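The values are calculated or read from the model by the stated rules, or taken from the named source; none is laboratory data. Since the structure is predicted, the reported quantities are computational estimates derived from the model, not experimental observations. So basically every Cβ, Gly included, is an ideal-geometry build from the backbone, and we count neighbours across all protein chains shown. Side chains are part of the model used for accessible areas, which takes the heavy atoms of the whole protein and leaves out ligands, DNA and RNA. Shrake-Rupley method; radii C 1.70, N 1.55, O 1.52, S 1.80 Å.
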Amino acid sequence: MQCYAPTRPERKSPVVSQSYPATQIVVQPRSLFNQRCLFSDWQKGKSKLGLRDLEGALTARDKVGVQDLVLLDAHKSEGAVLDNLKTRFSVDLIYTYIGTLLISVNPYKELDIYSKKHMDLYMGVNFYELPPHIYALADNAYQTMLTEANNHFILISGESGAGKTETTKKILQYYAVSCPSSALLDTVRDRMLMSNPVLEAFGNAKTLKNDNSSRFGKYMDIQFDSQGDAVGGHILSYLLEKSRVVHQNHGERNFHIFYQLVEGADEDLLRQLGLERDTEYYNYLAQVLCMKTINDKNDWQTVKNALTVIHFDDSDIEVRHLFGIIASVLHLGNIYFDRDFKGFAVLNSSPELRWVSKEAMLWVPWFALLLDAGVLSQVLCPFTVDHAIYARDALAKAIYGRTFTWVVNHINESLENQDPARKTVIGLLDIYGFEVFYVNSFEQFCINYCNEKLQQLFIQLTLKAEQEEYEAEGIEVKHNSLLQL
Ligand SMILES: Nc1ncnc2c1ncn2[C@@H]1O[C@H](COP(=O)(O)OP(=O)(O)OP(=O)(O)O)[C@@H](O)[C@H]1O
Ligand SMILES: [Mg+2]
């Protein structure tokens, strides 16, 4: 996972050009570390600590391993780097720097390092003064943005399940707590925080590696005014894994929203949408058997509340249409085709077809009329059954993809900053992690390529930054081929 910081505060020359991000977080998968974490004395007494004690305890913990890998004696040995991360991880020190990069190892358990006390501790403090933490990085980007009045970016990369999305949320929470507050700004802040559950419902799914895996890339701008108030935001989404709508690998699920709707919606809404309360009934949801580890009913409530906060009014016709379209995708998956005597697909006027026509508003008036009047009972098309299924699935993917874009646009409208004065932004990039399957989907191929490029960028920027610094200090440096990547 990767993030940014503009300059090393204690050094004179800027280490990277302003147009590039500089600090990165690298999240390593936990599989590197099979050991469970030990609880240190500090951990046992943590809840009773005051701010001063907390700082003291953090400093004591510095002595475990090396907190900046640049200072590691055997810094060229991969084993030594991993050993250091492992040693720190064994006492719940999940963060380690490599210069201006931050490495984070997923603890897969709640650590008491994200409290308000911790936020206060890192607020406005020099980047290297306290032990490595995501708050140090978030604060550094914020403070530098304010003093230099320019834009900053936090890039996050890592394997699927490494903790990228969780880190994005931690950064957002940090800004929500640390930035100045007023009634208007609180609304913007709430909407930014609440956009997460909605985007996750529509864009995340259970995979083999992660129960809440992002299946789209997200770049979020947080806009700040000259006082440092968060006044708006904007989200760009990339590469939604649309193939998941119609097919899921063994042990994986479709996007969360389908299960949430079927399991969580009240009877009235289900009836209006023509849905059964049974995920097994729908072809697009019943392809694989998964262990039930997700509470879709509770998540449905969270999403409904979040939709209200980000301006999807419950009484609003938009919400009804939104779920209508999601329902239409499920109905579409249940449309089947018969084969006529010539081998062509025959589309029967099944109830599903009527629901799709109604919910997705795909109907053409005369078509619906003829169907209703019983004049038209079958539609013949020059497709084989396989081709017809392919076309049906393509339509389902297209409908879902456009719905997702519409949701993102709607969120953007609610986050839009109304003040025309110049703003500076902190951008957060959270793409979905790399994974390698026996057969990789086109989207997975693109995202793996994208992650590779990001990793190269991190290496390039880190080495370049160090090289520039050496040069500024008059130290001779060997030309490094990695910089030409
Ligand atoms: N800092 C953390 N503290 C505790 N648990 C964490 C932390 N970071 C991640 N996790 C756990 O790991 C899980 C996976 O994290 P997350 O969804 O952020 O992964 P990801 O890198 O975004 O994966 P993907 O690329 O598949 O989207 C979370 O659901 C959470 O249980
Ligand atoms: Mg994610």
Pick from the range 195-212, criterion modelled with pLDDT of 90 or more and more than 20 Å from Glu263 (Cα to Cα), ranking: nearest to ligand 1 (Cβ to nearest atom): Asn210
Right, Ser226: among the small types (Gly, Ala, Ser), under 28 Å from Asp419 (Cβ atoms) and either out of contact with any strand residue (DSSP E or B) (no Cβ under 8 Å at 6 or more places or on another chain) or at pLDDT below 90 (or both) or not? yes
Can you name the condition, by its number, that His250 falls short on among (1) away from ligand 1 (no atom under 12 Å from the Cβ); (2) in contact with a helix residue (DSSP H, G or I) (Cβ under 9 Å, 6 or more places away or on another chain)? (2)
Candidates Leu199, Leu307, filtered to the one that is assigned to a helix (DSSP H, G or I), in contact (Cβ under 8 Å) with a residue 40 or more places away in the chain and within 16 Å of ligand 2 (Cβ to nearest atom): Leu199
Taking the range 394-424 only, how many residues are farther than 22 Å from Gly228 by Cα and touching a Gly at 6+ places or on another chain (Cβ under 8 Å)? 2
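Working only within the range 413-463, note down all residues that are among the hydroxyl-bearing types (Ser, Thr, Tyr), more than 16 Å from ligand 2 (Cβ to nearest atom) and in contact (Cβ under 8 Å) with a residue 60 or more places away in the chain. Before you say what the answer is, go through the steps one by one.
Going through the range 413-463, the residues among the hydroxyl-bearing types (Ser, Thr, Tyr) turn out to be 414, 424, 432, 438, 441, 449, 462.
Those still in the list that are more than 16 Å from ligand 2 (Cβ to nearest atom) too: 414, 424, 438, 441, 449, 462.
Those that are among the hydroxyl-bearing types (Ser, Thr, Tyr), more than 16 Å from ligand 2 (Cβ to nearest atom) and in contact (Cβ under 8 Å) with a residue 60 or more places away in the chain: Ser414, Thr424, Ser441, Thr462.
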Which numbered condition in (1) part of a loop (DSSP other than H, G, I, E, B); (2) in contact with a Pro (Cβ under 9 Å, 6 or more places away or on another chain); (3) within 16 Å of ligand 1 (Cβ to nearest atom) is the only one that Leu155 fails? (1)
Out of the residues in the range 173-183 that are out of contact with any helix residue (DSSP H, G or I) (no Cβ under 6 Å at 6 or more places or on another chain) and open to solvent by less than 20 Å² (accessible area, probe 1.4 Å), state the one that is farthest from ligand 1 (Cβ to nearest atom). Cys179
Looking at Ile310, is it over 14 Å from Ala396 (Cα atoms) and either open to solvent by 10 Å² or more (accessible area, probe 1.4 Å) or at pLDDT 90 or above (or both)? no
Among Lys117, Lys170, the single one that is open to solvent by 20 Å² or more (accessible area, probe 1.4 Å), farther than 12 Å from Leu428 by Cβ and either touching a Pro at 6+ places or on another chain (Cβ under 6 Å) or touching a residue at least 40 places away in the same chain (Cβ under 8 Å) (or both) is Lys117
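Out of all the residues in the range 201-224, is one or more basic (Lys, Arg), closer than 25 Å to Thr405 by Cβ and open to solvent by 40 Å² or more (accessible area, probe 1.4 Å)? Even if it seems obvious, please write down each step before you answer.
As a first pass, look at the range 201-224 and keep what is basic (Lys, Arg): 206, 209, 215, 218.
Then keep just the ones that are closer than 25 Å to Thr405 by Cβ; that gives 206, 215, 218.
From the residues that got through so far, the ones that are open to solvent by 40 Å² or more (accessible area, probe 1.4 Å) too are none.
No, because not a single residue in the range 201-224 is basic (Lys, Arg), closer than 25 Å to Thr405 by Cβ and open to solvent by 40 Å² or more (accessible area, probe 1.4 Å).
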What's the number of the condition Pro131 fails, among (1) part of a helix (DSSP H, G or I); (2) farther than 13 Å from Leu69 by Cβ; (3) of a type outside the set (Phe, Trp, Tyr); (4) touching a strand residue (DSSP E or B) at 6+ places or on another chain (Cβ under 8 Å)? (1)
Within 16 Å of ligand 1 (Cβ to nearest atom), open to solvent by less than 30 Å² (accessible area, probe 1.4 Å) and assigned to a strand (DSSP E or B): is that true of Ile103 in this structure? yes
